[in-house]
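Working notes for the structure below.
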Amino acid sequence: MLGGAALTGCGSTGHPTRTVANAGGGRSSPLQFSQCMRANGVPSLPDPGPHGYQIGPGSGIKLQSPAFQSAQNACKESLSR
């Protein structure tokens, strides 16, 4: 089971956004979450690296956009399995 992940935006400082997902022993994974997000309208979301997601300026990902929020709501089930 995944302990949880939170995708948060960056402020005007331009520092990259970093999200770390705490993975447990369940069937769900951060990779499955990324695949779900891409399938639900966030095609440029990268796969997480060893330290979580690295999303920053120039990534094309708008964390506060309605499309991102909708995909995150649709995919949150994959985080709680």
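Bear in mind these aren't lab numbers, they're just calculated from the coordinates by the rules spelled out. Note that the coordinates shown come from a computational prediction; the quantities given were computed from them, not determined experimentally. Quick reminder, even Gly has a Cβ in these numbers, built from the backbone with ideal geometry, and neighbours come from all protein chains shown.
Here are the numbers for the structure shown:
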| read-out | value |
| --- | --- |
| Any chance residue 70 is in a helix (DSSP H, G or I), of a type outside the set (D, E, K, R) and surrounded by fewer than 16 Cβ atoms within 10 Å (Cβ to Cβ) | yes |
| Tabulated pairs, the stretch 51-79, first touching a residue at least 12 places away in the same chain (Cβ under 8 Å), second surrounded by fewer than 16 Cβ atoms within 10 Å (Cβ to Cβ) and part of a helix (DSSP H, G or I), C-beta under 8 angstrom, 6+ apart or interchain | 78/32 |
